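Student: Take a look at this one; I'll ask things after.
Read the figures in this text as sums done on the coordinates, not as results from a lab. This is a predicted model, so every value here is computed, not measured. Using ideal geometry, Cβ is built from the backbone for each residue, glycine included, and neighbour counts are taken over all protein chains shown.
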Amino acid sequence: MKIKCIEYFTVLSIFVFLLLNNSCTKEDQFSGFHTPLAHPEDGPPAGNPGADYPAPEEALPENVSQPDHIIGNGTPESCTCEAFINAVSSGGKIVFNCGSDPVVIVMKRPAKVFNDANPDIVIDGGNKVILSGNGRTRILYMNTCDKNQHWTTSHCQNQDHPRLTVQNITFADGNSTAEKEYDGGGAIWVRGGRFKAINCCFYNNVCASVGPDVGGGAIRVFSQYENQPVYLVNCTFGGAESYGNRGANGGAISSIGVSWTIINCLFTHNEATGIGGNPRQAGTPGGGSGGAIYNDGNTMTLKILGTRIAYNKVNTHGSAIFFVTNDHTGNIRIDRSVISNNIGGTWYPIYPQISMHDDTQIEVTDSVIE
């Protein structure tokens, strides 16, 4: 009987351990925590004030009038980390019913998209919901090439789904510094399918602080379907002192081989914290490029439309934008935008605050770059 009791206790202990390690009661055990904002609900509004650049139809908000999941029953307490994680894993249209006031949902692990659950995932916070990594964890993850999230095609790097939309919601205090295999993307990490963010705020998210090819304090994206662009519309990254996002490269956003169309957005007070560039200079840890935006890869397009990029900071290159196409085929378009007062860096062959090859095609209209 004594042996049986010990065996039972051991099995029970293992069960409890596994349960805790797969629930929202678990807090990841690593030392890279950062201090979360005391009141993320008081942050700057979404978007570039006064900007009204027209967005194409595919970049408009999704209709969530008939949701697949409603998180909460009308009280803040009912809007839980576990409910959100479960809804994301199922896919479909997700909305919240957390009461009349803004609510902060503290995440203890990332919500992860399953590639075979639903081809469309729409997360709409109704301009009241803040998803917080609490300075400890990434918030949202999608990867069509991650076997754990189920492969659905033989060409995972180029498939048209899942299509992930986040809208009318804030991502704050995300932290991916503990992630080793899929690093970068303090708040959101995406590979494959399609991704867009509309009317969103990104505050105080961080990823690895140094390294030659890691980044995206708020968002990191790879390989979108048929090289179609990521859309960011009416979003704020930082927006005020202490709200900025930070990472080795691309204080706000980072990508490899991905095109972006950025409309009516605000990027301020973000920072690329690495040192030494990519490839890294001898005696340095690498990184430090793209105070707001880091684009690397081959053929890709960056469109900055109705957007303001200011007061971002780097140590190495591109205080506002780092844009390097290895095959010299990419291009940049800037229209009705302001890029000013970004700090640091070198290698500005044509415009201040923008690092790129001197043969990169760049079209600037009705804009200020100073």
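Student: In the chain, if every C-alpha pair distance is counted and binned at 20 Å from zero, what percent goes to each bin?
Tutor: 31, 57, 11, 1, 0
Student: For Cα pairs less than 8 Å apart in space and 6+ apart in sequence, what is the mean separation divided by the residue count of the chain, i.e. the relative contact order in percent? Intermediate results must be reported in sequence, preceding the final value.
Tutor: Working: 1216 pairs, mean separation 42.7, N = 370.
Over the chain, the number comes to 12 percent.
Student: Let me ask you something else. May I have the count of lysine pairs in region 104-369 with C-alpha atoms under 18 Å apart, counting pairs 8 or more residues apart or located on different chains? List each step's numbers first, then the result.
Tutor: Working: 108/180; 112/147; 112/180; 112/196; 147/180; 196/303.
Within region 104-369, the lysine pair count is 6.
Student: For region 136-267, what is the largest minus smallest coordinate of the Cα atoms on each principal axis, given in angstrom and ordered from greatest to least?
Tutor: Extents along the principal axes: 45, 31, 23 Å.
Student: I'd like the distance between the alpha-carbon centres of region 83-116 and region 253-276, rounded to an integer number of Å.
Tutor: Region 83-116 and region 253-276 have Cα centres separated by 25 Å.
Student: Within 10 Å, count the other beta carbons around each residue, average over each peptide in 183-191, 300-308, 260-268, and list them highest first. Write down the numbers at each step before the final one.
Tutor: Numbers: 183-191: 28.7, 300-308: 23.3, 260-268: 25.9.
Top to bottom by mean Cβ count within 10 Å: 183-191, 260-268, 300-308.
Student: How far is helix 81-90 tilted off the main Cα axis of the chain, in degrees rounded to 10, range 0 to 90?
Tutor: 80
Student: Residue-wise, which Karplus ³J(HN,Hα) couplings in Hz belong to region 287-295, taking 6.51 cos²θ - 1.76 cosθ + 1.60, θ = phi - 60°, and x for glycine or proline?
Tutor: Result, rounded to whole Hz: x, x, 10, x, x, 9, 10, 10, 10.
Student: Shifting gears a bit: Please report, to one decimal in angstroms, the Kirkwood hydrodynamic radius of region 142-185 built from all distinct Cα-Cα pairs.
Tutor: Details: mean 1/r = 0.0781 Å⁻¹.
Here the Kirkwood hydrodynamic radius works out to 12.8 Å.
Student: Given the peptides 341-350, 250-259, 286-295, arrange them by the average over their residues of other C-beta atoms within 10 Å, most packed first. Don't skip to the end; give the middle numbers.
Tutor: Numbers: 341-350: 16.6, 250-259: 28.0, 286-295: 32.2.
Averaged packing, sorted descending, gives the order 286-295, 250-259, 341-350.
Student: Could you size up the charge dipole of region 104-369 around its Cα centre, putting +1 on the beta carbon of Lys and Arg and -1 on that of Asp and Glu, and report it in debye to the nearest 20?
Tutor: Numbers: 20 positive and 20 negative charges, 143 e Å.
Charge dipole of region 104-369: 680 debye, to the nearest 20.
Student: Using the Kirkwood radius over Cα pairs, work out the Stokes-Einstein diffusion coefficient for region 69-140 at 25 °C and 0.890 mPa s, in µm²/s as a whole number. Please list the in-between numbers first.
Tutor: Values: Rh = 12.2 Å.
After rounding, the answer is 201 µm²/s.
Student: Putting +1 on Lys and Arg Cβ atoms and -1 on Asp and Glu Cβ atoms, find which of 208, 186, 248 reaches farthest to the positive end of the dipole of region 155-274.
Tutor: Selected residue: 186.
Student: Angle between the Cα long axis of helix 2-20 and the longest principal axis of the chain, 0 to 90 degrees, nearest 10?
Tutor: Compared with the principal axis, the helix lies near 30 degrees.
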